[in-house]
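Worksheet: the structure to be examined is printed underneath.
The values are calculated or read from the model by the stated rules, or taken from the named source; none is laboratory data. As the structure is a prediction and not an experimental result, all values here were calculated from the model. Here the Cβ positions follow ideal geometry from the backbone for every residue, glycine too, while neighbour counts run over all protein chains shown. With ligands, DNA and RNA removed, areas are computed over all heavy atoms of the protein, side chains included. Shrake-Rupley method; radii C 1.70, N 1.55, O 1.52, S 1.80 Å.
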Amino acid sequence: MFMGWKTNDFTTSAFEGYPSGTEARGAGHGIVAGTLIATSMGWRPVEALTVGDEVMTFDGGLQRVTGMSRARLWNGEAGACPRAMWPIRVPAGLMGNRRDLVLMPEETVVIESDAAEDIYNDPFALMPALALTEMPGVERVCPQNEVEVVSISFEEDQVIFVEGSALIFCPTGAAGEPIGMAALLADEFDAASPYHVLTLRDARMLATCIVAEQAVQDAPTTAMGARIYAA
(Lines give C-alpha, C1' and ligand atoms only; values in the text may rest on other atoms or scores of the structure.)
Protein backbone atom coordinates (compact mmCIF):
# COMPACT_ATOMS: atom_id res chain seq x y z
CA MET A 1 0.00 0.00 0.00
CA PHE A 2 1.33 3.43 -0.91
CA MET A 3 0.61 6.03 1.73
CA GLY A 4 1.84 9.58 1.22
CA TRP A 5 4.23 10.91 -1.41
CA LYS A 6 7.88 11.82 -1.91
CA THR A 7 9.32 15.31 -1.63
CA ASN A 8 12.90 16.52 -1.40
CA ASP A 9 12.87 20.18 -0.33
CA PHE A 10 12.63 19.74 3.43
CA THR A 11 15.31 20.91 5.85
CA THR A 12 14.97 20.67 9.60
CA SER A 13 15.75 24.36 9.92
CA ALA A 14 12.12 24.78 8.85
CA PHE A 15 11.14 23.87 12.40
CA GLU A 16 10.86 27.14 14.29
CA GLY A 17 13.45 27.66 16.98
CA TYR A 18 16.32 25.82 15.34
CA PRO A 19 19.29 27.78 13.98
CA SER A 20 19.50 27.83 10.20
CA GLY A 21 21.18 24.69 8.84
CA THR A 22 20.90 22.80 12.12
CA GLU A 23 19.44 19.30 12.05
CA ALA A 24 17.06 18.61 14.93
CA ARG A 25 17.89 15.22 16.42
CA GLY A 26 17.29 13.10 19.47
CA ALA A 27 14.09 13.34 21.45
CA GLY A 28 12.37 15.53 18.87
CA HIS A 29 11.31 12.25 17.26
CA GLY A 30 9.69 9.40 19.18
CA ILE A 31 6.60 8.49 21.19
CA VAL A 32 6.01 10.28 24.48
CA ALA A 33 5.93 7.97 27.51
CA GLY A 34 2.39 7.26 28.65
CA THR A 35 1.03 6.97 25.10
CA LEU A 36 -1.02 3.79 24.74
CA ILE A 37 -0.04 1.40 21.92
CA ALA A 38 -2.22 -1.39 20.46
CA THR A 39 -0.46 -4.72 21.11
CA SER A 40 -1.28 -8.42 21.16
CA MET A 41 -1.78 -8.00 24.93
CA GLY A 42 -4.12 -5.04 24.62
CA TRP A 43 -3.38 -1.35 25.06
CA ARG A 44 -0.01 -0.80 26.76
CA PRO A 45 2.06 2.32 27.50
CA VAL A 46 4.89 2.60 24.99
CA GLU A 47 7.50 2.59 27.77
CA ALA A 48 6.26 -0.86 28.91
CA LEU A 49 7.09 -2.49 25.57
CA THR A 50 10.17 -4.64 25.08
CA VAL A 51 11.92 -6.10 22.05
CA GLY A 52 9.93 -9.11 20.84
CA ASP A 53 6.53 -7.76 21.83
CA GLU A 54 3.88 -7.81 19.10
CA VAL A 55 2.32 -4.50 18.07
CA MET A 56 -0.73 -4.07 15.85
CA THR A 57 0.18 -2.29 12.61
CA PHE A 58 -1.97 -0.60 9.98
CA ASP A 59 -0.74 -2.63 7.00
CA GLY A 60 0.89 -5.76 8.42
CA GLY A 61 -1.20 -6.96 11.34
CA LEU A 62 0.80 -7.94 14.41
CA GLN A 63 4.53 -7.24 14.02
CA ARG A 64 7.36 -7.91 16.48
CA VAL A 65 9.33 -4.99 17.87
CA THR A 66 12.97 -5.40 16.81
CA GLY A 67 14.49 -2.28 18.35
CA MET A 68 13.83 0.22 21.13
CA SER A 69 15.55 3.29 22.50
CA ARG A 70 14.74 5.86 25.16
CA ALA A 71 15.68 9.50 25.50
CA ARG A 72 14.86 12.42 27.74
CA LEU A 73 13.43 15.50 26.11
CA TRP A 74 14.21 17.59 29.13
CA ASN A 75 15.50 17.02 32.66
CA GLY A 76 12.91 19.24 34.32
CA GLU A 77 15.12 22.27 34.97
CA ALA A 78 13.21 25.55 34.76
CA GLY A 79 13.75 27.42 31.52
CA ALA A 80 15.94 24.68 30.02
CA CYS A 81 13.54 23.38 27.36
CA PRO A 82 13.74 25.40 24.10
CA ARG A 83 10.40 26.19 22.47
CA ALA A 84 11.35 24.25 19.34
CA MET A 85 11.28 21.05 21.39
CA TRP A 86 7.99 21.70 23.16
CA PRO A 87 5.60 18.77 22.66
CA ILE A 88 2.31 19.20 20.81
CA ARG A 89 -1.03 18.49 22.45
CA VAL A 90 -3.67 17.11 20.07
CA PRO A 91 -7.23 17.22 21.46
CA ALA A 92 -9.23 14.02 21.70
CA GLY A 93 -10.93 13.02 18.47
CA LEU A 94 -8.83 15.00 16.01
CA MET A 95 -6.86 11.97 14.80
CA GLY A 96 -9.20 9.29 16.11
CA ASN A 97 -7.48 9.52 19.50
CA ARG A 98 -9.75 8.72 22.44
CA ARG A 99 -8.02 11.20 24.74
CA ASP A 100 -5.62 14.10 24.36
CA LEU A 101 -2.47 12.93 22.60
CA VAL A 102 0.98 14.40 23.21
CA LEU A 103 3.36 14.27 20.25
CA MET A 104 6.92 15.35 19.60
CA PRO A 105 7.21 18.00 16.86
CA GLU A 106 9.24 15.72 14.55
CA GLU A 107 7.02 12.68 15.04
CA THR A 108 5.37 11.55 11.80
CA VAL A 109 1.61 11.09 11.96
CA VAL A 110 -0.85 9.72 9.42
CA ILE A 111 -3.94 11.74 8.58
CA GLU A 112 -6.84 10.51 6.44
CA SER A 113 -8.89 13.20 4.69
CA ASP A 114 -10.85 14.03 1.56
CA ALA A 115 -8.51 16.99 1.07
CA ALA A 116 -5.52 14.65 0.71
CA GLU A 117 -7.51 12.55 -1.75
CA ASP A 118 -8.41 15.65 -3.78
CA ILE A 119 -4.87 17.05 -3.87
CA TYR A 120 -2.73 13.92 -4.09
CA ASN A 121 -5.12 11.12 -5.14
CA ASP A 122 -4.36 9.40 -1.85
CA PRO A 123 -6.60 9.75 1.22
CA PHE A 124 -3.70 9.08 3.61
CA ALA A 125 -0.94 11.60 4.27
CA LEU A 126 2.21 11.24 6.37
CA MET A 127 3.15 14.57 7.89
CA PRO A 128 5.34 16.04 10.65
CA ALA A 129 3.25 16.45 13.78
CA LEU A 130 4.25 20.11 13.89
CA ALA A 131 1.93 20.77 10.93
CA LEU A 132 -1.05 19.86 13.12
CA THR A 133 -0.66 23.20 14.91
CA GLU A 134 -2.52 24.69 11.92
CA MET A 135 -5.65 22.90 13.16
CA PRO A 136 -8.06 24.13 15.86
CA GLY A 137 -7.32 23.03 19.40
CA VAL A 138 -3.76 21.83 18.70
CA GLU A 139 -1.14 23.66 20.73
CA ARG A 140 2.50 23.59 21.78
CA VAL A 141 2.92 22.91 25.49
CA CYS A 142 5.93 23.76 27.64
CA PRO A 143 6.86 20.65 29.66
CA GLN A 144 6.67 21.18 33.40
CA ASN A 145 8.31 17.88 34.31
CA GLU A 146 10.82 15.46 32.84
CA VAL A 147 9.59 13.96 29.55
CA GLU A 148 10.72 10.53 28.36
CA VAL A 149 10.52 9.70 24.65
CA VAL A 150 10.56 6.12 23.36
CA SER A 151 11.39 5.04 19.80
CA ILE A 152 10.39 1.61 18.53
CA SER A 153 11.18 -0.05 15.22
CA PHE A 154 10.36 -3.21 13.29
CA GLU A 155 11.99 -5.25 10.54
CA GLU A 156 10.22 -2.98 8.04
CA ASP A 157 8.69 0.47 8.25
CA GLN A 158 5.30 0.30 9.96
CA VAL A 159 2.37 2.51 10.93
CA ILE A 160 0.96 1.71 14.38
CA PHE A 161 -2.24 2.47 16.29
CA VAL A 162 -2.03 4.74 19.34
CA GLU A 163 -4.72 5.97 21.75
CA GLY A 164 -7.53 4.43 19.71
CA SER A 165 -7.33 4.83 15.94
CA ALA A 166 -4.65 7.54 15.75
CA LEU A 167 -1.75 6.46 13.51
CA ILE A 168 1.99 7.04 13.99
CA PHE A 169 4.78 6.10 11.59
CA CYS A 170 7.65 3.99 12.95
CA PRO A 171 10.54 3.91 10.44
CA THR A 172 13.04 1.07 10.44
CA GLY A 173 16.13 2.09 12.39
CA ALA A 174 14.38 4.79 14.44
CA ALA A 175 15.34 2.94 17.61
CA GLY A 176 18.97 3.22 18.64
CA GLU A 177 20.63 6.01 16.66
CA PRO A 178 18.24 9.00 16.77
CA ILE A 179 16.82 10.03 13.41
CA GLY A 180 15.89 13.58 12.53
CA MET A 181 13.25 14.55 9.98
CA ALA A 182 15.91 15.38 7.38
CA ALA A 183 17.11 11.77 7.53
CA LEU A 184 13.56 10.47 7.17
CA LEU A 185 13.20 12.41 3.93
CA ALA A 186 16.61 11.59 2.48
CA ASP A 187 16.71 9.63 -0.77
CA GLU A 188 18.84 6.84 0.66
CA PHE A 189 16.54 6.36 3.66
CA ASP A 190 13.36 6.39 1.60
CA ALA A 191 14.41 4.25 -1.34
CA ALA A 192 13.13 0.93 0.02
CA SER A 193 10.14 2.26 1.96
CA PRO A 194 6.54 2.40 0.69
CA TYR A 195 5.92 5.32 3.06
CA HIS A 196 6.75 8.89 2.08
CA VAL A 197 6.53 11.97 4.29
CA LEU A 198 5.24 15.39 3.31
CA THR A 199 7.44 18.43 3.70
CA LEU A 200 6.48 20.68 6.59
CA ARG A 201 5.36 23.35 4.09
CA ASP A 202 3.10 20.96 2.18
CA ALA A 203 1.84 19.40 5.38
CA ARG A 204 0.82 22.79 6.73
CA MET A 205 -0.98 23.53 3.48
CA LEU A 206 -2.85 20.24 3.73
CA ALA A 207 -3.76 20.90 7.37
CA THR A 208 -5.21 24.27 6.33
CA CYS A 209 -7.24 22.57 3.59
CA ILE A 210 -8.57 20.02 6.08
CA VAL A 211 -9.71 22.84 8.38
CA ALA A 212 -11.49 24.55 5.48
CA GLU A 213 -13.05 21.24 4.44
CA GLN A 214 -14.38 20.68 7.96
CA ALA A 215 -15.79 24.21 8.10
CA VAL A 216 -17.81 23.52 4.95
CA GLN A 217 -19.08 20.22 6.36
CA ASP A 218 -20.10 21.93 9.61
CA ALA A 219 -21.90 24.84 7.92
CA PRO A 220 -25.71 24.81 8.54
CA THR A 221 -27.95 23.93 5.63
CA THR A 222 -31.33 25.16 4.43
CA ALA A 223 -34.28 22.85 3.93
CA MET A 224 -33.18 22.44 0.29
CA GLY A 225 -29.71 21.35 1.42
CA ALA A 226 -27.83 24.52 0.39
CA ARG A 227 -24.95 25.60 2.59
CA ILE A 228 -25.42 28.80 4.63
CA TYR A 229 -22.35 30.97 5.22
CA ALA A 230 -21.99 34.02 7.44
CA ALA A 231 -21.35 37.26 5.61
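Remarks
- There is at least one residue in the stretch 68-79 that is open to solvent by 70 Å² or more (accessible area, probe 1.4 Å), farther than 19 Å from GLU163 by Cβ and among the small types (Gly, Ala, Ser).
- Qualifying residues in the stretch 120-147 (those that are outside any loop (DSSP other than H, G, I, E, B) and at pLDDT below 90) - the one surrounded by the fewest Cβ atoms within 10 Å (Cβ to Cβ): TYR120
- Failed criterion for PRO123 (all others in (1) under 18 Å from GLU213 (Cβ atoms); (2) touching a residue at least 24 places away in the same chain (Cβ under 8 Å); (3) touching an Asp or Glu at 6+ places or on another chain (Cβ under 6 Å); (4) not β-branched (Val, Ile, Thr) hold): (2)
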